[in-house]
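Working notes, beginning with the structure itself.
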Amino acid sequence: MANAGLPREARLRRPGDFAALRTSSGRAGGRCFHMRYRDNDLGHARLGLAISKRVSRRAVERNRIKRLLRESFRRVRHQLPAVDMMVMAREQAAGVAGPQLLAELDGLWKKLQAGHAATSRPLKPAGDTRTIER
């Protein structure tokens, strides 16, 4: 039987990876989630989660949201472009049923695929800090 878990190479683990997504990345969002993403050179998508206590004080609820996010990502990760993404939950996510959250996540993955296909190259190369001078 194949391992159904999320492999280490499909997860963001280093603080530097999360920091890079906070400073320069693309964005997508919905009612319960928002996502930041940027291209990577690994050839596959990687997921990072940021579910704060602001979403829910109850750890049980935050863990439920994380489980749903990981499960949704597992199903589509081979169809996603090679990007690093950080998904953050909004406060509204705590009161929403699981199937509705999964439906919103499916829409988020489709936005990512469509947005990445429309802009196959970044507007500004990574590491370029120059600005337009007049």
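For segment 36-54, check the following and say yes or no: at least one residue is in a helix (DSSP H, G or I), touching a strand residue (DSSP E or B) at 6+ places or on another chain (Cβ under 7 Å) and surrounded by 12 or more Cβ atoms within 10 Å (Cβ to Cβ). The answer is no; no qualifying residue exists. For segment 5-27, a residue qualifies if it is touching a residue at least 12 places away in the same chain (Cβ under 8 Å) and either in a helix (DSSP H, G or I) or among the aromatic types (F, W, Y) (or both), and the qualifying residues are E9, A10, D17, F18, A20, L21, R22. The set of residues in segment 55-96 that are in a loop (DSSP other than H, G, I, E, B), out of contact with any Leu (no Cβ under 8 Å at 6 or more places or on another chain) and under 18 Å from G29 (Cα atoms) comprises V55, R90, V96. The set of residues in segment 55-75 that are β-branched (V, I, T) and surrounded by fewer than 19 Cβ atoms within 10 Å (Cβ to Cβ) contains only V60.
The residue of segment 1-35 that is surrounded by the most Cβ atoms within 10 Å (Cβ to Cβ), among those that are out of contact with any helix residue (DSSP H, G or I) (no Cβ under 9 Å at 6 or more places or on another chain) and among the hydrophobic types (A, V, I, L, M, F, W, C), is L21. Taken as a whole, the structure places L69 among residues that are on the phi < 0 side of the Ramachandran plot and modelled with pLDDT of 90 or more. Take R31 and tell me if it is closer than 19 Å to P99 by Cβ, touching a residue at least 60 places away in the same chain (Cβ under 8 Å) and assigned to a helix (DSSP H, G or I). The answer is no for R31.
The values are calculated or read from the model by the stated rules, or taken from the named source; none is laboratory data. Computed from a predicted structure; not experimentally measured. No Cβ is skipped: glycine too gets one built from the backbone with ideal geometry, and neighbour counts run over all protein chains shown.
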